[in-house]
Amino acid sequence: MIHLGIVEDEAFMLQSIRETFTDMPDIKIALEAQTMGECLDEINSNLMLTTLLLDINLPGMSGLQGIRLLKEKLPNLDIIMLTNLDSSDDIFKALCAGAVAYISKKKVNPPILREAVVTVSRGESYMSPGIARKVVQYFAPPDRASISPQLTVRQHQIVELLTNGLSYKLIADKLMISVETVRDHIKKIYRVLEVNSKAEVMAKKHKGEI
């Protein structure tokens, strides 16, 4: 039995998703919420929840921000992201945080939702075709001609520490420089690599572009 939760702030969409699963005896709706706060409040030791359809763009705390909190409460929870946003950065952040599936609302329909829920219940991942293509492109081996200019030795050290999860303060302490110097280096790193976030730096490092 799949115990399904739905977190969606649009009432019409929430109802539509609920109705998608009403005639499926192997799937039980165990939780419905319209905000991340409501969802977290409903999760307790007595709640049976195996899979969660989670809207990324929620009022207050976003679905993206809530993934780690959900995984802390329910480590084995399969999270399927629902979103109108399909930027590579958001996809990468959601997958890194613990989501196992990512569906674009632009092309979602009942068969896709059912297939996604059943697929992740088998221990697999699911993505809308357009999303899957972005993921493949994100991790594809780089064209050598497009690799960003080489960073300095110090900048490489900072990238290594940053992608290992160290804060600016810890990086500064480890390298015996000021926090302001770390910030200055990171601004230059972002500019050289043509990125705007830590997640994008991590992706470039994963692809061997750094």
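The values are calculated or read from the model by the stated rules, or taken from the named source; none is laboratory data. As the structure is a prediction and not an experimental result, all values here were calculated from the model. Note that we place each Cβ from the backbone using ideal geometry, even for glycine, and neighbour counts take in every protein chain shown.
Could you say whether any residue in the range 9-17 is free of Cβ contacts under 8 Å to residues at least 40 places away in the same chain and within 12 Å of the chain's Cα centre (by Cα)? No; the residues of the range 9-17 include none that is free of Cβ contacts under 8 Å to residues at least 40 places away in the same chain and within 12 Å of the chain's Cα centre (by Cα). Tell me, please, whether a residue that is out of contact with any His (no Cβ under 6 Å at 6 or more places or on another chain) and closer than 22 Å to residue 126 by Cα can be found in the range 31-44. Yes, some residue in the range 31-44 is out of contact with any His (no Cβ under 6 Å at 6 or more places or on another chain) and closer than 22 Å to residue 126 by Cα.
Would you confirm, using the coordinates I've provided, whether residue 181 is under 30 Å from residue 79 (Cα atoms), modelled with pLDDT of 90 or more and outside any loop (DSSP other than H, G, I, E, B)? Please lay out each step first, then the result.
On the way: under 30 Å from residue 79 (Cα atoms): no; modelled with pLDDT of 90 or more: yes; outside any loop (DSSP other than H, G, I, E, B): yes.
Spelling it out, it is not the case that residue 181 is under 30 Å from residue 79 (Cα atoms), modelled with pLDDT of 90 or more and outside any loop (DSSP other than H, G, I, E, B).
Any residue in the range 137-155 that is surrounded by 17 or more Cβ atoms within 10 Å (Cβ to Cβ) and at pLDDT 90 or above? For the range 137-155, residues surrounded by 17 or more Cβ atoms within 10 Å (Cβ to Cβ) and at pLDDT 90 or above: present.
Here's the yes/no breakdown for (1) over 15 Å from residue 58 (Cα atoms); (2) crowded, with 16+ Cβ neighbours inside 10 Å; (3) among the hydrophobic types (A, V, I, L, M, F, W, C):
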site	(1), (2), (3)
4	yes, yes, yes
8	no, yes, no
11	no, no, yes
15	yes, no, no
20	yes, yes, no
24	yes, no, yes
27	yes, yes, yes
34	no, yes, no
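Residues in the range 75-92 that are at pLDDT 80 or above and crowded, with 16+ Cβ neighbours inside 10 Å: how many? Step through it out loud before you land on a result.
Of the residues in the range 75-92, the ones at pLDDT 80 or above are 75-84.
Now restrict to residues that are crowded, with 16+ Cβ neighbours inside 10 Å: 77-83.
Summing the residues that are at pLDDT 80 or above and crowded, with 16+ Cβ neighbours inside 10 Å in the range 75-92 gives 7.
Which helices (runs of 4 or more DSSP H) sit wholly inside the range 1-114 and have at least 3 residues that are closer than 24 Å to residue 133 by Cβ and in the same structural domain as residue 126 (by TED's automatic domain parsing)? Ranges flagged: 63-73, 88-97.
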